[in-house]
Every structure is written in C-alpha cells, then in structure tokens.
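Each value in this text was obtained by applying a stated rule to the coordinates, not by laboratory testing. Because the structure is predicted, anything quoted here is derived from the model rather than measured. Cβ placement follows ideal geometry from the backbone for every residue including glycine, while neighbour counts extend to all protein chains displayed.
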Amino acid sequence: MDQMNPKFLLDGMLGSLARWLRICGYDAEYVQSLPDDELLDRATKGGSVLLTRDDLLFRKAQRAGLDAFIVVGDGDAERLASVARRFHLELNPDSSRCPVCGGSLSQVDKDELTGKVPARTLEAYDEFRVCDSCGKVFWRGSHWKNIQATIDEARELAALTSRESEQDL
Ligand SMILES: [Zn+2]
C-alpha cells in the first residue's frame with residue numbers, strides 16, 4: 001500500500017462513504033454488488049485497501065493477506081473520521097475528485113459551459129470544475145455549506161479519537 005496515497009475499495013454498503021472520500025481527494029472505488037471472492041480479487045489486483053462493515057468479509061480479506069479495515073460509526077462524519085484516523089488522511093475538499101465516478105476534476109472556463117449548466121447558476125458562481133472521466137460539472141452551490149460542515153465534523157472527530165487513544169497508551 002502506498003502510505004501517502006492509499007487506494008480504497010469499498011463494499012456495497014458503503015457508497016456514501018466512497019463519495020465523501022472522493023470529495024476529500026481520495027481514490028475510492030465502490031462496487032455495488034459483487035460476490036465476496038470477486039471483491040477480494042479486485043482489491044488484490046488493484047492494490048487497494050478494502051473498507052467494509054462486514055466482519056465475515058473482513059476476516060476473509062485478512063486470510064487473503066489483504067489490507068482491510070472495518071469502518072465504524074453511524075453517520076457520514078463518523079465513518080469518514082474512522083477511516084481518516086486509521087489511515088492518517090487529511091480531510092480537505094480542495095483536492096476533490098468527482099464524487100460520482102472518482103475521476104479527477106479540472107477547472108473549466110465559464111464560457112465553455114453555456115448550455116451545459118443553467119444560466120442562473122453560471123451567473124451566480126465563478127468557479128466550475130469538470131470531471132475528466134464522466135464529464136459532470138461541479139460548483140460550490142448552496143449545498144456546499146453542508147458538505148463543508150460534515151467534513152469539518154469528521155476532521156474534529158478524527159482528532160478527538162486520536163487524542164483519546166493516545167491516552168490509552
Ligand atoms: Zn466523474
């Protein structure tokens with residue numbers, strides 16, 4: 001595993017977490033429904049860390065010699081924090097990947113978006129990014145406050161649990 005830049009493969013229960021990891025710039029592949037054996041095979045071939053909440057799948061991954069982690073927590077922020085703490089991830093949306101497909105995002109000029117984005121949106125915002133893989137256009141609209149709040153919460157939770165476990169030592 002590349003310590004600085006781990007690749008993640010998430011099982012079918014963790015689609016939402018995959019999106020949050022992508023928003024924070026991480027390579028997070030999400031497979032909706034794949035038999036365990038094929039999922040493990042995919043993680044092995046891709047050199048990915050398997051993220052799951054399934055004890056049985058986790059044990060199978062360990063037996064296969066894979067790097068795997070059981071995600072804890074109930075909400076998005078808690079789950080994101082648990083992964084961030086385990087793998088020492090910075091949670092920063094400035095290096096965001098496409099939340100839909102995980103592709104990389106490039107800045108795009110407003111002029112190129114006429115007809116692709118509603119005119120009112122083009123008027124209201126200045127920065128737009130487009131996914132190099134699926135072509136979807138992103139901007140930090142009214143929903144952005146909520147996204148930033150969840151990331152801030154996850155970052156605080158990750159720092160908090162780090163301190164608690166240090167006290168345990
Ligand atoms: Zn995309």
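Over all other residues within a Cβ to Cβ distance under 12 Å of Asp126, the charged ones net out to 0, with Lys and Arg as +1 and Asp and Glu as -1. The residue list Ser104, Val83, Gly65 was ranked by how far each Cα lies along the charge dipole of region 51-119 toward its positive end, using unit charges on Cβ atoms, and Gly65 comes out on top. Every helix of 4 or more DSSP H residues in the chain counts as -39500 (n - 2.57), and over all residues that averages to -13000 deg cm²/dmol at 222 nm.
Summing charges over all other residues whose Cβ lies under 15 Å from the Cβ of Asp55, with Lys and Arg as +1 and Asp and Glu as -1, gives +1.
Across the chain, C-alpha contacts under 8 Å between residues 6 or more apart give a mean separation that, scaled by the residue count, equals a relative contact order of 20 percent. Helices assigned as whole DSSP H runs in the chain whose Cα atoms extend at least 18 Å along their own long axis and whose mean Kyte-Doolittle hydropathy is -1.0 or higher are found at 144-168.
Any idea what the dipole of the chain comes to, in debye rounded to 20, about its Cα centre with Lys/Arg Cβ at +1 and Asp/Glu Cβ at -1?
Numbers: 22 positive and 29 negative charges, 51 e Å.
About 240 debye.
Taking the charge dipole of the chain about its Cα centre, with +1 at Lys and Arg Cβ atoms and -1 at Asp and Glu Cβ atoms, the residue from Cys24, Cys134, Leu157 reaching farthest to the positive side is Cys134.
As a footprinting exposure proxy, order Thr52, Thr44, Thr114 by other Cβ within 10 Å, with the fewest listed first.
Ordered by Cβ neighbours within 10 Å, fewest first: Thr114, Thr44, Thr52.
Where does the charge balance sit around Ser95 when Lys and Arg score +1, Asp and Glu -1, over other residues with C-beta under 13 Å from its C-beta? Each step should come with its number before you reach the end.
On the way: positive: Arg22, Arg97, Arg129; negative: Asp27, Glu90, Asp94.
Result for the local shell: 0.
About the centre of its Cα atoms, region 87-156 shows a dipole size close to 280 debye [charges on the beta carbon of Lys, Arg (+1) and Asp, Glu (-1) only; nearest 20 debye]. Considering only Cα atoms, the convex hull volume of the chain works out to 127 Å³ per residue. One decimal place: the segment Asp111-Gln148 gains 10.6 nm when fully extended, by the rule 0.36 nm per residue minus the C-alpha distance.
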